[in-house]
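Presented below is the structure to which this report refers.
The values are calculated or read from the model by the stated rules, or taken from the named source; none is laboratory data. A quick note: this is a predicted structure, and the numbers were derived from the prediction, not measured. In this analysis, Cβ positions are derived from the backbone assuming ideal geometry, glycine residues included, and neighbour counts consider all displayed protein chains. To get the accessible areas, we keep the full protein, side chains included, count just its heavy atoms, and leave off ligands, DNA and RNA. Shrake-Rupley method; radii C 1.70, N 1.55, O 1.52, S 1.80 Å.
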Amino acid sequence: MCGIVGYTGKRPAAPILIDGLGRLEYRGYDSSGIAVSDGKKVNVIKAKGRLFELEKRISGASPEGFCGIGHTRWATHGKPSDENSHPHYSRDKSFAVVHNGIIENYLDLREFLTERGFTFRSETDTEIVAMLLEYYYNGNMLETIIKMRNKIKGSYALGILHENENGVFYAMRKDSPLVIGLGENENFIASDIPAVLPYTRRFIIPDEQEVAVISPDGVTVYNRNREQVNKQITVSDLSADAAEKDGFAHFMLKEIYEQPGAIKKTVHDRITPDGIKLDRIKLDGKKIRKIFIAACGSAYHAGAVGKYFIEKYARIETEIDLASEFRYRDPIVGDDCLTVIISQSGETADSLAALREAKRLKSRVLAIVNVVDSIIAREADDVLYTRAGPEIAVATTKGYTTQLAALYLLGLKLARDRETIPQSEYDGITSAVEKLPELLSAFIDEVNPAAQYLAGKYYPANDAYFIGRGADWSAALEGALKLKEISYIHAEAYAAGELKHGTISLIEKNSLVIGIAADPALREKTLSNIKEVRSRGAAVIGVTDSPDAIKAECDELMVLPATHPALTPVFTAAALQLFAYYVAAARGGDIDKPRNLAKSVTVE
Ligand code: M6R
């Protein structure tokens, strides 16, 4: 939602903060700012707009000092503006604060502080934190921070700088991500590991509400009871250029091309001659009465594919929920259920809340997550990592297809446990899953020119309708989301058979319809729906592995490779990702950072 970074050491802080913010900009990009301490006072510089606006503002007048904090924002409280950008000063400017999260009781606290003579410069919830710190300050930073912490409710990752603390800054988190990077005579904080990977590979992750005191010589962490705690150091194996574009025009295109490798990492050692081994996860499919899948956005679409797969092969009733609905709908969940939470980032607020609700209802929770040690991964009973590596583009690509791969593995494992899948079918699917990376790699190269050509023809469209049945409908949901979020074309996905119950009235001459007919069992049915829209003048792009079966009813085709029918959503996704990418490029969109969005959504 927002990205925070902090540095203390022997080097000028400002360039390191700006560099880190560049790698965090995907988390929010409507404004940014830094605060640097020169040992006497704290200097804040911030700017509305992209990071380059901040860089312009500080060029030639970079704040001096070796210790500082920085922030890149996705607005929640208050519009994007210089005033609402972080860092926020306290009233007397002795404190500066950066924050990722939401202070839920900020209105009450604003009143509390107003009654005590404080006035505010911004509309943000974060400014409350800076003011509270000034209000409670008694010369002892730890005590001051704990008093502030006891007053605020909500979620936060905080970086705190005070003018009297030469070379030292403070950090704390609750329900928002924060890592502490350990260097040689220098230390860092960041919202995620890749932001500071060029400087260090050694990290510690503070637990909820712990306070970290960060100086060049070391990091001390205090728990909720103010006791010093020893933290485990983890060494990241991510490559330092994981967050670089690597010659691609955009991160999205790079990540589309990374999908075969990412899927390979997700599946390769988990398919064994003795069955599917899901790391250390102890699940017995025979003991699960019902599965709930809860997730948001593309992760929800992956779950929708998973539902069809699990029900078909493992014969377990599987319900799929938007996490934002699950958390409030009082679902009938019990200890004989498995709840699967799917999240690339592992920090989506609604998915985290759904996880906590499922646990409260005594369900076992399995998280399918990409970001290692993220909050959802840490709170789930079991975690199945998707191993996609850092995903920077806001529109997910490899995050989504690796979720599909993980769900195939889960479905196969449950089916084997329950003996609901014939051996030959199991062998056929596992072998197709093992071949996925190679086939996908060849397919991406092959479909790329077709996607460019189709984008060149259809990019002026105002609306697009994606239709399909069964898992093709789930794939349609993802295709429509991809197109709308980066090209801003209004795009909707419909179960093909449902279109005639109302929405078909929107179809007119040259309406763009993407008809997905990959599932052989449903192809004929989808074809008849394609005929219905075509006869009303729609231009149809058919997506299929059997071109001869549908080409007479389509204006254009995207041809999928022959694979096991259950796996076609992976190829449909890649084809539609490329189509969306080139349409957005033709329309001049900001592909990696589409308007109004941010990579991880840590608010409700
Ligand atoms: O990090 P998560 O997988 O929990 O994120 C869920 C959605 O916010 C995410 O998939 C979103 O829909 C993407 N922008 C889609 O490309």
Original post:
How many percent of the accessible area of the chain is carbon or sulfur, using a 1.4 Å probe?
Top reply: 48 percent
**OP:** Can you send over the solvent-accessible area of Glu227, 1.4 Å probe, protein chains only, in Å² to the nearest 10?
**Re:** 100 Å²
Original post:
What helices does the chain have that are whole DSSP H segments, at least 18 Å long along their own axis by Cα, and with mean Kyte-Doolittle hydropathy of 1.0 or more?
Top reply: 568-587
Original post:
What is the Cα centroid distance between region 238-301 and region 459-497, reported in whole angstrom?
Top reply: 23 Å
Original post:
How big is the equivalent ellipsoid of region 190-249 along its three axes, where each semi-axis is √(5λ) from the Cα gyration tensor, reported in whole Å from largest to smallest?
Top reply: 29, 11, 10
Original post:
Roughly how large, in nm² to one decimal, is the mean projection of the convex hull of the alpha-carbon atoms in the chain?
Top reply: 27.3 nm²
**OP:** With viscosity set to 1.002 mPa s and temperature to 20 °C, compute the Stokes-Einstein D of region 445-588, Rh being the Kirkwood radius across alpha carbon pairs; µm²/s, no decimals.
**Re:** 148 µm²/s
Original post:
Helix-derived [θ] at 222 nm for the chain: sum -39500 (n - 2.57) over DSSP H runs of at least 4, divide by residue count, nearest 500?
Top reply: -11500 deg cm²/dmol
**OP:** Please tell me which of these pairs span more than 31 angstrom C-alpha to C-alpha: Lys254/Lys307; Lys286/Lys500; Lys10/Lys254?
**Re:** Lys286/Lys500; Lys10/Lys254
**OP:** Between Lys282 and Ala249, with labels modelled 7 Å along Cα→Cβ, what's the label distance in nm to one decimal, could you check?
**Re:** 5.3 nm
**OP:** Figure the gain on full extension for Lys290 and Asn223 (residue separation times 0.36 nm, minus the Cα-Cα span) and round it to one decimal in nm.
**Re:** 20.3 nm
Original post:
For the residue pair Arg116 and Glu556, what label-to-label distance in nm results when each label sits 7 Å from Cα along the Cα-to-beta-carbon direction?
Top reply: 6.2 nm
Subject >> Neighbour net charge for Gly334 - beta-carbon separation under 14 angstrom, K R +1, D E -1 >> reply: +1
Subject >> Where labels lie 7 Å past Cα in the beta-carbon direction, separation of Lys362 and Lys435 in nm >> reply: 4.7 nm
**OP:** Could you tally the net charge around Cys2, taking each other residue with its Cβ under 9 Å from the Cβ of Cys2, Lys/Arg +1 and Asp/Glu -1?
**Re:** +2
Original post:
Which whole-number value in Å² is the accessible area per residue of region 327-437, probe 1.4 Å?
Top reply: 32 Å²
Original post:
So which of Lys290/Lys599; Lys46/Lys79; Lys40/Lys153; Lys174/Lys482 end up more than 23 Å apart by C-alpha?
Top reply: Lys290/Lys599; Lys40/Lys153; Lys174/Lys482
**OP:** Subtract the Cα-Cα distance of Arg315 and Lys457 from 0.36 nm times their separation in residues, and report this length gain in nm to one decimal.
**Re:** 46.8 nm
Subject >> Added length on full extension, which subtracts the Cα-Cα distance from 0.36 nm per residue, Gln209 to His490 >> reply: 97.0 nm
**OP:** Could you do me a favour and compute the accessible area per residue for region 1-155, 1.4 Å probe, result in Å²?
**Re:** 37 Å²
**OP:** Using DSSP to define loop residues, name the trypsin sites (Lys or Arg not before Pro) in region 301-354 whose beta-carbon has at most 16 other beta-carbon atoms within 10 Å.
**Re:** Arg315, Arg329
Original post:
For the pair Ala521 and Ala442, what calculated FRET efficiency results from E = 1/(1 + (r/R0)^6), where r is the Cβ-Cβ distance and R0 = 22 Å, to the nearest 0.05?
Top reply: 0.30
